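The values are calculated or read from the model by the stated rules, or taken from the named source; none is laboratory data. Since the structure is predicted, the reported quantities are computational estimates derived from the model, not experimental observations. All Cβ positions, even for glycine, are placed from backbone atoms using ideal geometry, and neighbour counts span all protein chains on display. Side chains are part of the model used for accessible areas, which takes the heavy atoms of the whole protein and leaves out ligands, DNA and RNA. Shrake-Rupley method; radii C 1.70, N 1.55, O 1.52, S 1.80 Å.
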Amino acid sequence: MRTRATITTTALLLAALTACSSGSSSDTATASPASDTGTPAAEPTVSVPAEHKGDDLAAAVAVYTAAYFAADVDTGYGMLSARCTKQIDKAMYRGILEQAAKDYGPDHPATDVHAEVAGGLGRATYKVKGLPKLDQTKQPWALEGGAWKYDAC
């Protein structure tokens, strides 16, 4: 029974890891309201501190992916968003990471990481070295407490 539960939870987390989000993109054009002179007014911008732009998210992706395949439960679980920790408790997460370590081993870093940031939300697209079936496209991340958190649960 325990083996079956581990397999089920592993499948659930791997599905979450490999899930692609098809949410709305910031590429959608929006019309700017016209000013009194008839010319478009400047659109407001969200100010994101430099440390929370794409490079910071790319670094978080690298750390999370390394922790995941190394079965580093403390690091990986600490990088889950609050929403994800409500869905996955630490014991379940431990079983998932231990199974992933057995199945794949630790040497699968994130490569070719591209991060898009809009305010406190991020999307990461990257490859998993040696495991193309786990490559990610627009994986959701959330900025919580000044740190990027994995939010693809």
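What share of all Cα pairs of segment 86-147, in percent, falls into each consecutive 10 Å distance bin?
Taking every Cα pair in segment 86-147, the percentages come to 19, 36, 41, 5.
Calculate, for segment 90-146, the solvent-accessible area per residue in square angstrom, rolling a 1.4 angstrom probe over the heavy atoms of the protein chains.
52 Å²
In the neighborhood of D72, defined by Cβ-to-Cβ distances under 13 Å, what is the net charge if each Lys or Arg adds +1 and each Asp or Glu adds -1?
Surrounding charge for D72 is 0.
Quick one: net charge of S81's neighbours, Cβ under 15 Å, K/R +1, D/E -1?
Every neighbour counted, the sum reads +2.
Quick check: net charge around P109, other residues with Cβ under 15 Å of its Cβ, Lys/Arg +1 and Asp/Glu -1?
So the environment of P109 carries a net charge of -2.
Please identify the trypsin sites (Lys or Arg not before Pro) of segment 90-136 that satisfy two criteria: DSSP loop assignment and at most 16 other Cβ atoms within 10 Å. Which are they?
Answer in residue order: K129.
If R₀ is 22 angstrom, what is the calculated FRET efficiency for the pair K90 and A62, using the beta carbon separation as r and rounding to 0.05?
Efficiency computed from Cβ-Cβ geometry: 0.50.
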